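Structure first, then comments.
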Amino acid sequence: MNQLERYRNMHLWMVIPFLIVFLGFARSYFFNLGNVSWPQHLHGASATLWYVLLIVQPYLITRRKDYISHKKLGLIGILIAGMVAGTAFNIIPGNLENVAKYTEADFFSPNFAYAATLLDLLMVSGFIVCVLIAMIKAKDLYQHTGWILASAFIIIAAASTRLYAVAAFMFTDNVTFKIAAVPAMTISVLITAFYFYKFSSLKHPAFYVFLLANLPAFFVDTIGSNPAWRQLADSIFK
């Protein structure tokens, strides 16, 4: 069987992470474009373009056999990925901007704010690693695909947590980001594991990078209440 046959419908499957991101940020960004800052616009636009590329690129290879366009878009994708990461780092301090006004009973609690700061830092750093290695391994289909997959899912936690919280509000008012973090991340891990099983391997190193970057979501209170981390985060991001 042709090696590319495994990825024949990958472009269709990549619509799912795009939809998770769109629905997760629909209320706070996509349906609220007039009330967000330019840094948020740059981040939203570049992240959207990145997920569009993740749909277009496998289509060009598996269906069109258009390697030239794939390579050109790959070079553009490096610039887009850099903008995604750069603007994300710029937004991270916003987690702690008004943290003193919150209590642990609030939708956005102090513990979650500090845990989310570490989570965002690890996710964006992991995203950079995934893109860089995917670029280096561009000629190795197995390695390249795995690292590109990880780049799609490693930064999806922010969207999946928001999406889970919105869905949970349909059944109960007792929802906070802290409560939503564990089930949302559990679902994200299961979805990501399925994608790696289908298009790569659960033994691929990129899958472990994904797990490592998203691990803090399972320990919100432990990380968020840690005095040493709070002091370090304040010194860096405040």
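The values are calculated or read from the model by the stated rules, or taken from the named source; none is laboratory data. Remember, predicted model here, so these are calculated numbers, not experimental data. Note: ideal-geometry Cβ built from the backbone for every residue, glycine included; neighbour counts use all protein chains shown. Please note that ligands, DNA and RNA were not included when accessible areas were found on the heavy atoms of the full protein model with its side chains. Shrake-Rupley method; radii C 1.70, N 1.55, O 1.52, S 1.80 Å.
With the simple model of a label 7 Å out from the Cα in the direction of the Cβ, Asp234 to Phe171 spans 3.8 nm. Full extension of the chain between Phe218 and Asp66 yields a length gain of 50.5 nm, computed as 0.36 nm times the residue separation minus the alpha carbon distance.
Which of the three applies to region 147-236, rounded, prolate or oblate, going by the alpha-carbon gyration tensor with a ≥ b ≥ c and a/c under 1.5 meaning rounded?
Working: a/c = 2.62, a/b = 1.24, b/c = 2.12.
Note, shape of region 147-236 comes out oblate.
On a 0 to 90° scale, report how tilted helix 205-214 is relative to the longest principal axis of the chain, with both axes built from alpha carbons and the result rounded to the nearest 10. With rounding to tens, the tilt is 20 degrees.
Based solely on its DSSP helices, what 222 nm [θ] is calculated for the chain when runs of n ≥ 4 H residues each add -39,500 (n - 2.57) and the sum is averaged over all residues, nearest 500 deg cm²/dmol? Before the final figure, lay out the partial values.
Numbers: 11 runs with 165 residues, N = 238.
One gets -22500 deg cm²/dmol as the mean residue ellipticity at 222 nm.
The structure shown yields Rg and Dmax of the Cα atoms in Å, and of the options (i) 18.1, 60; (ii) 20.1, 77; (iii) 19.4, 74 that calculated value carries the label (i). Computed in the context of the full set of protein chains, the accessible area of the chain at 1.4 Å probe radius has 67% of its extent on carbon or sulfur.
What does the extension gain come out to for Val52 and Leu211, with contour length at 0.36 nm per residue minus their alpha carbon separation? Don't skip to the answer; put the middle values down first.
Values: separation 159, 0.36 × 159 = 57.24 nm, distance 2.36 nm.
Extending this stretch completely gives an extra 54.9 nm.
Taking the chain as the reference, fit the longest principal axis to its C-alpha atoms, fit the long axis of helix 141-153 to the helix C-alpha atoms, and give the angle between the two in degrees, 0 to 90, nearest 10. Result, in degrees: 30.
What does the charge dipole of region 143-238 about its Cα centre add up to, to the nearest 20 debye, if the Cβ of each Lys and Arg holds +1 and the Cβ of each Asp and Glu holds -1?
Values: 6 positive and 3 negative charges, 36 e Å.
It comes to approximately 180 debye.
Computed about its Cα centre, the charge dipole of the chain is approximately 940 debye, with only Lys, Arg, Asp and Glu carrying charge at their Cβ. When the Cα gyration tensor is reduced to axis lengths a ≥ b ≥ c, the ratio a/c is 1.5 or higher for region 184-223, and with a/b not above b/c it is classed as oblate.
Helix 67-91 axis versus longest C-alpha principal axis of the chain: approximately 10°, rounded to the nearest ten. Taking the chain, how many lysine pairs are there with alpha carbons less than 23 Å apart, if each pair must be eight or more places apart or span two chains? Counting lysine pairs in the chain gives 14. The stretch between Tyr197 and Phe107, if pulled fully straight at 0.36 nm per residue, gains 28.9 nm over its current Cα-Cα span. Rolling a 1.4 Å probe across the protein heavy atoms gives the chain an accessible surface of 52 Å² per residue.
Region 45-89 and region 179-212 have Cα centres lying 21 Å from one another.
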